[in-house]
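K.L.:
First the structure, which I've put down as C-alpha cells, then a few questions once you've had a look.
Only the coordinates and a few stated rules stand behind these numbers; no lab work does. Bear in mind the structure is a predicted one, so any value in this text is a computation, not a measurement. A quick note on method: Cβ atoms are made from the backbone with ideal geometry, for glycine too, and the neighbour counts reach across all protein chains shown.
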Amino acid sequence: MSEKRVCAYCGEEVMGEVVRRGRRIYCSEACAFEDSRSLDCAGRTDVSRASLEEELKFREHPPIS
Ligand SMILES: [Zn+2]
C-alpha cells in the first residue's frame, strides 16, 4: 500500500524524496520555507476564527431594531 504524498504548500504530488517539517511534507525546501513563513505572518487563521465566533454570536443574539 502506497500512501499518496502531497506537498502541504503547493499541493503538488510529491515524487521521490519528501521534505519533512514536523507532521507536514513538502516537495522541496523552497515550499517548506514559504509555508513556515506564511504561518508566521499576521495569523490569518486566528482572524477568520474570531470572525466566525462573532458571526455565531450574532446569529444567536440578533440585534433588535
Ligand atoms: Zn511544493
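K.L.:
Pull out the extension gain between Ile64 and Glu3, defined as 0.36 nm times the separation in residues minus the alpha carbon to alpha carbon distance; nm, one decimal.
P.N.:
Here the segment from Ile64 to Glu3 would lengthen by 16.6 nm.
K.L.:
Tell me, what is the FRET efficiency for Phe33 and Glu54 to the nearest 0.05, using R0 = 35 angstrom and their Cβ-Cβ distance as r?
P.N.:
That pair, Phe33 with Glu54, gives E of 0.55.
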